[in-house]
Amino acid sequence: MTWSPPESSGAGAGTLHTRGQKPPATPRPSRQASLREDFGHAAAETYLVTGLAIKLLRYLGIGYRWMTRLAALACYAMLLMPGFLQVAYYYFFSSQVRRSIVYGDQPRNRLDLYLPTKINEPKPVVAFVTGGAWIIGYKAWGSLLGQQLAERDIIVACIDYRNFPQGTISDMVKDASQGIAFICNNIAEYGGDPDRIYLMGQSAGAHISTCVLLEQAIKESLGESIFWSVSQIKAYFGLSGGKSFVDTLQSMGAEAKLILFEEKTHTDLFLQDPLRGGKDELFENIVSVIHANDEEAQAKDAVAPPRRRLVPELLLRLAHDISPF
């Protein structure tokens, strides 16, 4: 689902009601990390992901239903492992990835940036909130999306946030909002265009980012102190979630569109289809919205080579059939 805020008009339109102290701009770091530092970071990330997996097992319990789902999940992951390993290598060792940038003072208040190879002018930005059933969400889940959008000259910021039981839904919404504020106020330091920021959420991340937009709109209507404005978000993409209120948005005059993909599982659009390579409808829709007013970017999109396949088709079909999601 995509959403764009209606055009503002009148005195003060498009400005913040009351802006708090602006967070200090973060200087753009140089890529001088040693191989030992990269491996150390990889070990830390592996430790965290292992902890998330153990947490998931604890919540699922040991009932027959959950044991069968766990087995399906393990098989699903193994089938897609050839692609996961390639994406993981890009995440840890690519010079285009800026990992774990601090945006707040709470645990997990970190974000990853995926940058185009060349930034000779300000680039559009996608602030992405990952899914994970509210208990295993993690910023690295957006690596594949970040890599592929960066190839189209779009900066992607994957926002991490506290999961349950480390935090409640309110904490997750607060974290995501603070991450968006950081992006709005600092992305220019990394080559991003603060006037072309888009918000995207997937699964649980779609729910959290939707709540962020609604909460922020309420704050603005009440004249509360804010660090970013809904008017700064050019459009919102809700993937595998957030489709229960399109009619409400349209009835209020907002431009909203619902696109349904037949015979797709919860993860096909976000994982299997991108791992398949080539061109897929969802990705092209997102890029077309972001590049709608950029003729030069549209021309490049028209001749962009098909994306590389990362997983054989047989494994992707088996993953589709066995997916526990």
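Here the label points at A302 and Y89, each 7 Å from Cα along the C-beta direction, are separated by 3.5 nm in the simple model.
In the complete set of protein chains, residue-level accessible area for L260 is approximately 110 Å², probe 1.4 angstrom. A Stokes-Einstein calculation at 37 °C with viscosity 0.692 mPa s, built on the Kirkwood radius of region 142-195 over Cα pairs, returns a diffusion coefficient of 264 µm²/s. Each of L269, F283, A299 was scored by the projection of its Cα onto the charge dipole of region 243-300, and the greatest displacement toward the positive side belongs to L269; charges sit on the C-beta of Lys, Arg, Asp and Glu. 3J(HN,Hα) couplings calculated from phi for region 181-186 with the Karplus curve 6.51 cos²θ - 1.76 cosθ + 1.60 (θ = phi - 60°) are, in sequence order, 4, 4, 5, 4, 9, 10 Hz; Gly and Pro show x.
Of the trypsin sites (Lys or Arg not before Pro) found in region 209-255, the ones in coil according to DSSP and having at most 15 other Cβ atoms within 10 Å of their Cβ are K243. Electrostatic tally near K279: other residues with Cβ closer than 11 Å to its Cβ, Lys and Arg +1, Asp and Glu -1, net -3.
A simple count of charges around K174, restricted to other residues whose Cβ falls under 10 Å of its Cβ and scoring Lys, Arg +1 and Asp, Glu -1, yields -2. Sites listed here are trypsin sites (Lys or Arg not before Pro) in region 88-145 whose DSSP assignment is loop and whose Cβ has at most 13 other Cβ atoms within 10 Å: K118. Put simply, the amide H of K123, placed in the peptide plane, has neighbours under 5 Å in G192, D193, leaving out anything fewer than 5 places away on its chain. Note on surface exposure: T265, T117 rank T117, T265 by accessible area, highest first, 1.4 Å probe. For region 237-285, the set of GluC sites (Glu not before Pro) satisfying both a DSSP loop assignment and a count of at most 15 other C-beta atoms within 10 Å is given as E262, E263.
Taking the Cβ of D321 as the center, what net charge do the other residues with Cβ under 14 Å away carry, scoring Lys and Arg +1 and Asp and Glu -1? Write down the numbers at each step before the final one.
Details: positive: K264, R317; negative: E263, D268, E313.
It works out to a net charge of -1.
Think of region 187-246 as a dipole: +1 on every Lys or Arg Cβ, -1 on every Asp or Glu Cβ, centred on the Cα centre; then among F237, L214, P194, F237 lies furthest on the positive end. Dimensions of region 247-325 from C-alpha coordinates, computed as largest minus smallest value along each principal axis and given longest first, are 43, 35, 13 Å.
The values are calculated or read from the model by the stated rules, or taken from the named source; none is laboratory data. Since the model is a prediction, treat every value here as computed from it, not as a measurement. Quick reminder, even Gly has a Cβ in these numbers, built from the backbone with ideal geometry, and neighbours come from all protein chains shown. Remember, those area values only see protein heavy atoms, side chains included, never the ligands or the DNA or RNA. Shrake-Rupley method; radii C 1.70, N 1.55, O 1.52, S 1.80 Å.
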